[in-house]
Amino acid sequence: DAPPVTYTPTGSACTLNAGAGDGGSQIPTSDGKCWIAKTIQTVDPRIWGAKEDCATDDTAAVQAAVNYALAPATQAKTLTMTGPALLTSSVNINRLVDTSYNDFVIEGHGKTAGFCVSSPITMFDSTLTFSTTPVSERVTFKNVYFQSANLADAAYVMSHKFLRIVFDHSNFLQIKVVSGTIY
């Protein structure tokens, strides 16, 4: 059910992940070459193999989709969710404070479109160097559903490393919004 993507064959290896591609925008062939996505109109984790059923681990697919959406550092693309993607570890959103030009939007399409966890994790974090102030910014969650299997899990949507976060018509079930100190 992933949105359609048109691929073009290349005569060389994929440029991402030491030739392994990312499973969505670059797909390696058995002869060491690569299929490159010509255009991805709708950035959707299902292109990278996400099931979005809240049962299958979709962490790697969501991370690959986020990386693709953020690849143009100044003009992030919208990430579209259609079902509940199960995250088993943090997805990294790295957007340096005061260097990004637009919000990175994660938009849900459907009643439970968004993210779920079944263990005590922080869904979104940043790998940027952190001192005592936020290091990543400008993330908008629009119509996104966040859920944890158990309130006792102490699961969070975001780490305290983010600045300028917007939750527009988002829903939270048994989950906390921000871990740590809010700046």
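Here are the numbers for this structure:
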{"read-out": "Residue selected from segment 134-159 under the condition assigned to a loop (DSSP other than H, G, I, E, B) and modelled with pLDDT under 85, by the criterion surrounded by the most Cβ atoms within 10 Å (Cβ to Cβ)", "value": "Ala149"}
{"read-out": "Residue in segment 82-110 that is most open to solvent (accessible area, probe 1.4 Å), counting only those that are within 22 Å of Gly21 (Cα to Cα) and not hydroxyl-bearing (Ser, Thr, Tyr)", "value": "Asn94"}
{"read-out": "Count of residues meeting criterion [at pLDDT 90 or above and either of a type in the set (D, E, K, R) or closer than 21 Å to Gln41 by Cα (or both)] in segment 1-14", "value": "7"}
{"read-out": "Candidate set from segment 1-51 (those that are touching a residue at least 40 places away in the same chain (Cβ under 8 Å) and among the aliphatic types (A, V, I, L, M)); member that is farthest from Ala61 (Cα to Cα)", "value": "Val5"}
{"read-out": "Residues of segment 27-58 that turn out to be under 29 Å from Phe146 (Cα atoms) and open to solvent by less than 60 Å² (accessible area, probe 1.4 Å), as a count", "value": "14"}
{"read-out": "Scope segment 2-26; condition on the phi > 0 side of the Ramachandran plot and surrounded by fewer than 12 Cβ atoms within 10 Å (Cβ to Cβ); matching residues", "value": "Ala18"}
{"read-out": "Scan of segment 113-133 for residues that are touching a residue at least 40 places away in the same chain (Cβ under 8 Å) and open to solvent by 10 Å² or more (accessible area, probe 1.4 Å), ordered by number", "value": "Thr122, Thr133"}
{"read-out": "Among the candidates Phe162, Phe167, residue that is open to solvent by 60 Å² or more (accessible area, probe 1.4 Å), out of contact with any Gly (no Cβ under 9 Å at 6 or more places or on another chain) and under 16 Å from Val178 (Cβ atoms)", "value": "Phe167"}
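The values are calculated or read from the model by the stated rules, or taken from the named source; none is laboratory data. Model, not experiment: these values are computed from the prediction. Note that we place each Cβ from the backbone using ideal geometry, even for glycine, and neighbour counts take in every protein chain shown. The area values use the complete protein model at the heavy-atom level, side chains included, leaving out ligands, DNA and RNA. Shrake-Rupley method; radii C 1.70, N 1.55, O 1.52, S 1.80 Å.
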